[in-house]
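Before any comments, here is the structure.
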Amino acid sequence: MTCAELVELVTAFLEGALDPDTERRFIEHLAICDGCETYVDQMRRTVAEVGQVEPESLSDETRDRLLEAFRTFPRE
Amino acid sequence: MGVVLPTDDVLVDGLRAGDEEMFACLLNGWSGSMVRLARSFVSTAASAEEVVQDTWLAVFQGIERFEGRSSLQTWVYRILINIARKRGSAEQRTVPWASLVPDRDPTVDSSRFRGPHDQYPGGWLAFPERWPSTEGEVLANEVRATVAAAIQSLPIRQQVVLTLRDIDGQTADDVCALLDISTANQRVLLHRARAAVRSRLERYFAATGVES
């Protein structure tokens, strides 16, 4: 497995979705390649950073309208 | 994950009872994902907002009938997709998610690797630089802004899958079921999205010149 091949398999690797033979070759490559080890670390870091992003929101008008609709929604 | 919400039981009771504070939390927590999801079916941002609004109105109507066979979030997102699909087909915009042919271009530029005639074809020409930790608050905020901008610039389907997986924390199976796409397509979209955000972060760290 080359570095160029490995970088395309990182998500499948992180999901545990590689077949056993490919996973073995992935891990063997990773063990001897600092560049790919860094790359995989950076993909993990990217996932973590994406998880930190504040969700966007609706426009204030839509938000206010929905809060009002919720407040006045007829409930028994 | 952006916002920590109570369990589904608490959320459902709150929605039924009219708990305004809890509904505001839900709006904050889910609206971003819902807008992105809606945007993948309809043609304008305004239209996507209306889809989200109509979805919540449908949720108020339907919450009495929610039986908890899926998570509340999945249930709400399914309602949204139904509403968005109808509107998208009225706007003649809907591209079925399932029929997408995944883009086969490499996610890391081939100029980063050695050519076919090199002694080590496909090996890194230069290893990626290690990134600094972002413990400082200023740096952490900049990184977050960089990531947010990177997500915004992704193709919409990649944005949706990345948001559902890595911000909302849904499982691959949930996302496939929700969007009616194959496991392989889901993974390709997720991988391309993550790789693009990584690449943006790499450029950001290279430009700031912070040493690890």
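The values are calculated or read from the model by the stated rules, or taken from the named source; none is laboratory data. All values derive from a computational prediction rather than experimental measurement. So basically every Cβ, Gly included, is an ideal-geometry build from the backbone, and we count neighbours across all protein chains shown.
Look at the range B:17-49 and say how many of its residues are more than 7 Å from chain A (Cβ to nearest Cβ), over 21 Å from residue B:151 (Cβ atoms) and not in a loop (DSSP other than H, G, I, E, B).
To start, the set of residues in the range B:17-49 that are more than 7 Å from chain A (Cβ to nearest Cβ) comprises B:17, B:19, B:21-22, B:25-26, B:30, B:34, B:36-48.
After this cut, where a residue has to be over 21 Å from residue B:151 (Cβ atoms) as well, the list is B:17, B:19, B:21-22, B:25-26.
Then keep just the ones that are not in a loop (DSSP other than H, G, I, E, B); that gives B:17, B:21-22, B:25-26.
Result for the range B:17-49: 5.
When you scan the range B:1-44, how many residues do you find that are at positive phi and either in contact with a Pro (Cβ under 6 Å, 6 or more places away or on another chain) or among the acidic types (Asp, Glu) (or both)?
Within the range B:1-44, residues that are at positive phi and either in contact with a Pro (Cβ under 6 Å, 6 or more places away or on another chain) or among the acidic types (Asp, Glu) (or both) number 0.
Do we find that residue B:160 is under 24 Å from residue A:56 (Cα atoms), modelled with pLDDT of 90 or more, more than 12 Å from chain A (Cβ to nearest Cβ) and under 17 Å from the mean Cα position of the chain (by Cα) in this structure? Before you say what the answer is, go through the steps one by one.
Working: under 24 Å from residue A:56 (Cα atoms): yes; modelled with pLDDT of 90 or more: yes; more than 12 Å from chain A (Cβ to nearest Cβ): yes; under 17 Å from the mean Cα position of the chain (by Cα): yes.
Here the answer is yes, as residue B:160 does meet what is asked.
(1) polar (S, T, N, Q); (2) at pLDDT 90 or above; (3) surrounded by fewer than 22 Cβ atoms within 10 Å (Cβ to Cβ): which one isn't true of residue B:55, the others all being true?
Evaluating residue B:55 over (1) polar (S, T, N, Q); (2) at pLDDT 90 or above; (3) surrounded by fewer than 22 Cβ atoms within 10 Å (Cβ to Cβ) leaves (3) as the failure.
Out of A:30, A:18, report the one residue that is surrounded by 16 or more Cβ atoms within 10 Å (Cβ to Cβ), more than 7 Å from chain B (Cβ to nearest Cβ), on the phi < 0 side of the Ramachandran plot and outside any helix (DSSP H, G or I).
Unique residue meeting the criteria: A:18.
Before we move on, is residue A:42 surrounded by fewer than 17 Cβ atoms within 10 Å (Cβ to Cβ), of a type in the set (S, T, N, Q) and out of contact with any strand residue (DSSP E or B) (no Cβ under 7 Å at 6 or more places or on another chain)?
Working: surrounded by fewer than 17 Cβ atoms within 10 Å (Cβ to Cβ): no; of a type in the set (S, T, N, Q): yes; out of contact with any strand residue (DSSP E or B) (no Cβ under 7 Å at 6 or more places or on another chain): yes.
When the stated conditions are applied, residue A:42 does not pass them.
Quick one: residue A:73 ticks every box in (1) under 29 Å from residue B:56 (Cβ atoms); (2) of a type in the set (Phe, Trp, Tyr); (3) more than 7 Å from chain B (Cβ to nearest Cβ) except a single one, so which number is it?
(3)
Please determine whether any residue of the range A:60-68 is assigned to a helix (DSSP H, G or I), aliphatic (A, V, I, L, M) and in contact (Cβ under 8 Å) with a residue 12 or more places away in the chain. Steps first, answer last, please.
At the first step, the residues of the range A:60-68 found to be assigned to a helix (DSSP H, G or I) are A:60-68.
Filter again for aliphatic (A, V, I, L, M), leaving A:66-67.
Filter again for in contact (Cβ under 8 Å) with a residue 12 or more places away in the chain, leaving none.
No, every residue in the range A:60-68 fails to be assigned to a helix (DSSP H, G or I), aliphatic (A, V, I, L, M) and in contact (Cβ under 8 Å) with a residue 12 or more places away in the chain.
Those residues that are of a type in the set (Val, Ile, Thr) and facing chain B (nearest Cβ under 7 Å), I need them from the range A:33-55; list them, please. First the steps, then the outcome.
Going residue by residue through the range A:33-55, those that are of a type in the set (Val, Ile, Thr) are A:38, A:40, A:46-47, A:50, A:53.
If the condition is that a residue be of a type in the set (Val, Ile, Thr) and facing chain B (nearest Cβ under 7 Å), then A:38, A:46, A:47, A:50, A:53 are the ones that fit.
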